[in-house]
Amino acid sequence: MIRDAAITWHLLREARRSSRRPSDWFRLRQEGVLRRLLRHAYDRVPLYRRLWDESGFRPEAFRTLADLERVPPLSKPRLKEADPTDTIAAGTNTASCMTAATSGSTGAPMQFLLGPFERCWNRAVAWRILFEHGFRWTDRTLEIRMTKGPTYAIQRLGVAPKVWMSILEPPSAWVDRLVSEQPQCVMAGAGTLDLLAAAIGDAPVRPPQIVISDSETLTPSIRMRIHAALGTDPIDVYGLEEVSNFAWECERRAGLHISADSHIVEVGAPPGEIGPLTVTALGMWTMPFIRYQTGDLAAASPHACPCGRTLPLLSSLHGRAVDSIELSGGRRLLWPFFHELLGGVRGVIHWQAVQETGTDIVVRVVLSPPSDDQTARIAATLRDRLPGECTLRVESVKSIPPEANGKRRLVIPRRP
Ligand SMILES: [Zn+2]
């Protein structure tokens, strides 16, 4: 335990120090670590050896970041199809590892393995984001998730203590806990925070210093509702369960900073344009993730952040490519399209767009109060803006239930 705490503390200190280093420092660090990681993966992880052999790539072909695109990317289907033992470094003592699983929002959950070092690295990477926002070791956190996470021995001793709650508990129970614990930090998915905000009413909630919103899309209207109810503007944080969180808003809310000391993030489009997001986790050696295609869409920012941190910025995240409606000619309807039309409409509490067939779209709205006139107005506005080939139906519903994994999807495409 003491060894783990020391490693985590060291990693966290290094991460925090890196936030304002010159950009050359990140480049040299990423190149140095990636050279070693590529060699390690090729020599010891059968999945990567096979993948790279197929396209004739050898680790020594990577010298600088200019060579990054020569490293074959790893797709999620390829990783899921692989024999699990082929994804893990040969010689790993699996008894010392922890198995974790993704929540499987668009398919079967995927298991991944964290060795003793990765567990420390994971914690440091996640804590770093909190510390960038003034977190202190004595601060208490309330975290609401589908699956409650571990409580580390060090937390039981009062270091960064955490209260776990389940998203299956009623929102009123979360509010009670929020009032009784007065946590300095609250962490949950955007949809969960939205439900929490709606349940607060006039409960005497002390505004937390930090509210972390992750896992789901934080739309501007959800952000406003959370801010109004909790008294704290939420921080949008992005990551994947398998490689931890690696992009986060700073106090300027000018985009999402990338933790470039721990992750290499690529956007497959020029700065300012939307493209697929690929990530490499520099601290994962037991089960490496190298040029892992996340399936999410983002835009890199061409600007530096006014906060003075030198970490690169994503100007926007557009959620998952699979959470968009594809029309003919490769056009896509992403959540901001619907948000722009529905986010500001009076009475719209929640919405969800579902593609029923190629061109038939159903938009479900939760209205407060329910109103046929308002439903008809929403339908008229949407019909006006949707491409001509689409047919649209707007349904006023009492609620929009979450998926089995507890997450809410804003846009659901037709199943292939
Ligand atoms: Zn910043």
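Quick notes on this structure:
- Just one residue in the set Trp248, Trp174 is in contact with a helix residue (DSSP H, G or I) (Cβ under 7 Å, 6 or more places away or on another chain), within 16 Å of the ligand (Cβ to nearest atom), among the aromatic types (Phe, Trp, Tyr) and open to solvent by less than 10 Å² (accessible area, probe 1.4 Å); that residue is Trp248.
- Of all residues in region 232-245, those being within 15 Å of the ligand (Cβ to nearest atom) and either surrounded by 23 or more Cβ atoms within 10 Å (Cβ to Cβ) or not acidic (Asp, Glu) (or both) number 3.
- Given (1) open to solvent by 10 Å² or more (accessible area, probe 1.4 Å); (2) away from the ligand (no atom under 16 Å from the Cβ), number of the condition Thr280 does not satisfy: (1)
- Within region 126-139, tally of residues that are open to solvent by 10 Å² or more (accessible area, probe 1.4 Å), in contact with a Phe, Trp or Tyr (Cβ under 9 Å, 6 or more places away or on another chain) and in a helix (DSSP H, G or I): 1
- Among residues of region 349-364, those that are buried (at least 16 other Cβ atoms within 10 Å of the Cβ) and either more than 19 Å from Gly319 (Cβ to Cβ) or touching a Pro at 6+ places or on another chain (Cβ under 9 Å) (or both), counted: 3
- Ala89 being at pLDDT 95 or above and part of a loop (DSSP other than H, G, I, E, B): yes
- Scanning region 286-336 for residues that are open to solvent by 20 Å² or more (accessible area, probe 1.4 Å), within 16 Å of the ligand (Cβ to nearest atom) and under 30 Å from Leu47 (Cβ atoms) gives Ala300, Pro312, Leu317.
- Some residue of region 55-63 being in a helix (DSSP H, G or I), of a type in the set (A, V, I, L, M, F, W, C), out of contact with any strand residue (DSSP E or B) (no Cβ under 8 Å at 6 or more places or on another chain) and surrounded by fewer than 16 Cβ atoms within 10 Å (Cβ to Cβ): yes
- In the set Leu311, Leu317, Leu277, only one residue is without any contact (Cβ under 8 Å) to a residue 60 or more places away in the chain and either assigned to a loop (DSSP other than H, G, I, E, B) or closer than 30 Å to Thr359 by Cβ (or both); that residue is Leu277.
- Number of the condition not met by Ala269 [criteria: (1) farther than 20 Å from Ser75 by Cβ; (2) free of Cβ contacts under 8 Å to residues at least 40 places away in the same chain; (3) part of a loop (DSSP other than H, G, I, E, B)]: (1)
- Any hit, region 140-156, residues being over 27 Å from Tyr42 (Cα atoms), open to solvent by 50 Å² or more (accessible area, probe 1.4 Å) and assigned to a strand (DSSP E or B): no
- Test: Leu256 is within 16 Å of the ligand (Cβ to nearest atom) and at pLDDT 95 or above: yes
- Some residue of region 96-117 being without any contact (Cβ under 8 Å) to a residue 60 or more places away in the chain and either part of a helix (DSSP H, G or I) or over 21 Å from Leu240 (Cβ atoms) (or both): yes
- Evaluated against (1) assigned by TED's automatic domain parsing to the domain that holds Asn245; (2) open to solvent by 50 Å² or more (accessible area, probe 1.4 Å), Gly388 falls short on exactly one condition, (1).
- For Thr219, the test of being modelled with pLDDT under 90 and surrounded by fewer than 17 Cβ atoms within 10 Å (Cβ to Cβ) is failed.
The values are calculated or read from the model by the stated rules, or taken from the named source; none is laboratory data. Everything quoted here is computed from the prediction, not taken from an experiment. Cβ coordinates were reconstructed from backbone atoms using ideal geometry, including for glycine residues, and neighbour counts include every protein chain displayed. The area values use the complete protein model at the heavy-atom level, side chains included, leaving out ligands, DNA and RNA. Shrake-Rupley method; radii C 1.70, N 1.55, O 1.52, S 1.80 Å.
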